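Notes to accompany the following structure.
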Amino acid sequence: MTIAHEPVLPRTLTNAEKGVILAVMAHLVWGGMAVYFGLIRHISPVEIAVNRGLWSLPIAAVVVWVLGQWGDVWRAVANRRNLAILALTSALVVFNWGFYVWSIEQGRTLESSLGYFINPLLNVVMGYLFLGERFTLAQKVALGFASVAVLIQTAALGHFPWLGLMLAVTFCLYGFLRKTVPVGPTHGFFIEVAIAALPLAGAQFWLFSKGETHFGSTVFDTSMLIGCGVMTAASLMLYASSIRRIRYSTAGLLQYISPSLVFLTAVFVFGEPLNTLKLVSFVIIWIGLAIFSLATIRDERNRRQAAEAV
């Protein structure tokens, strides 16, 4: 006698689980960009940054159209303050793009990864300086570890690690300014690349007039430059979709995926030297980040329990 069993249906993912998947995908794209840019080292950082912006524009426009956000776009640009802030964030993100590519082409990917590890701690400093927030004990300890790591990196490199810190500062300022403007992530990104489009197109024309452009020279170079925009837009859209579905503490932990991939790429793919001092500096920053992350999780759990008790 056979017993009929009910078919086991696949479980539907929760909103939070979807958010984690989207965030991981975004960070995998960001982390993989180091390898991608390594394949086009022969193309100048300026042209890569230009094409990241130009080819992000049509993709962002399609997403805005699909989501029905054109009305949000017009309302945002009608506000002069919003437009001014988005113009500044547009400049910051394009600069950050070009500077990051330049660091890879100069064989300093390892140093750039330090900047993205430190970035969340700089966000804490920005909150202290401009939002009236106060440091917790865990944050003070994490910042202390980061400071020691920077000093050790200085000794290891023979100079102050300004490259990594420049990347961290520009991205931190970008994030801080985006928080101050009441514009959503998707249509905000579209406005940023739309603002940058004209000067970026001018830069591309200038490179073309000097015979220094690689766009259109070969199928490989052209497709890779277009792909820069596709990867940029895709990662930002994935991240924007994820951040609304997951907790702040979860987002904070996941954001270390991309710099970790960049670190591994620098050492095992690009073969950049990792001496003892450099390794020690990264171990110290990882310890500081672990303390920071665990404290963030604990604080959020306490806030959630307090809210449920009310």
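The values are calculated or read from the model by the stated rules, or taken from the named source; none is laboratory data. This structure is a prediction, so every number in the text was calculated from the model and none was measured. Because the Cβ atoms are built from the backbone with ideal geometry, glycine has one as well, and the counts that use them run over all protein chains shown. Remember, those area values only see protein heavy atoms, side chains included, never the ligands or the DNA or RNA. Shrake-Rupley method; radii C 1.70, N 1.55, O 1.52, S 1.80 Å.
The table that follows gives values for the structure above.
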read-out	value
Farthest toward positive dipole pole in the chain [+1 Lys/Arg, -1 Asp/Glu at C-beta], among Phe215, Ala91, Pro120	Pro120
When the convex hull of its Cα atoms is projected in every direction, mean area for the range 47-89 (nm²)	3.4 nm²
Contact order normalised by residue count of the range 1-153, Cα under 8 Å, 6+ apart, percent	25 percent
Backbone N within the range 162-196 under 17 Å of label point (7 Å from Trp70 Cα along the Cβ vector)	187-188, 190-191, 194
Taking the chain and dividing mean pair separation by its residue count, relative contact order in percent (alpha carbons under 8 Å, at least six apart)	40 percent
Two-site FRET efficiency, Ser209 against His42, from Cβ-Cβ distance with R₀ of 25 Å, rounded to 0.05	0.80
For the chain: accessible area per residue (Å², 1.4 Å)	51 Å²
³J(HN,Hα), Karplus 6.51/-1.76/1.60, whole Hz, each residue of the range 143-152, x for Gly, Pro	5, x, 4, 4, 4, 4, 4, 5, 5, 5
Charge dipole (the range 1-153, unit charges on Cβ, about Cα centre) - positive-most of Ala23, Trp65, Phe130	Phe130
The chain: radius of gyration and largest Cα-Cα distance (Dmax), Å	21.3, 83
Charged-residue dipole, Cβ positions (Lys, Arg, Asp, Glu), the chain about Cα centre, Debye nearest 20	740 debye
Using a Förster distance of 22 Å, the FRET efficiency for Arg304-Thr136 (Cβ separation, nearest 0.05)	0.85
Solvent exposure, largest accessible area first (probe 1.4 Å, DNA, RNA and ligands not counted), of Met224, Met25	Met25, Met224
Within a Gaussian network of the chain (alpha carbon springs, distance under 10 Å), most fluctuating of Gly211, Gly19, Gly144	Gly211
Distance cut-off 20 Å, percentage of C-alpha pairs in the range 133-216 lying past it	63 percent
Burial ranking of peptide ranges 57-65, 165-173, 76-84 (average Cβ count within 10 Å, highest at the top)	165-173, 57-65, 76-84
Accessible-area composition of the range 98-226, carbon plus sulfur, in percent [1.4 Å probe]	71 percent
The range 185-195 - phi-based ³J(HN,Hα) in whole Hz, Karplus 6.51/-1.76/1.60, Gly and Pro as x	x, 6, 6, x, 5, 4, 4, 4, 6, 5, 4
Full-extension gain in nm, Glu17 to Thr154, via 0.36 nm per residue minus C-alpha separation	45.3 nm
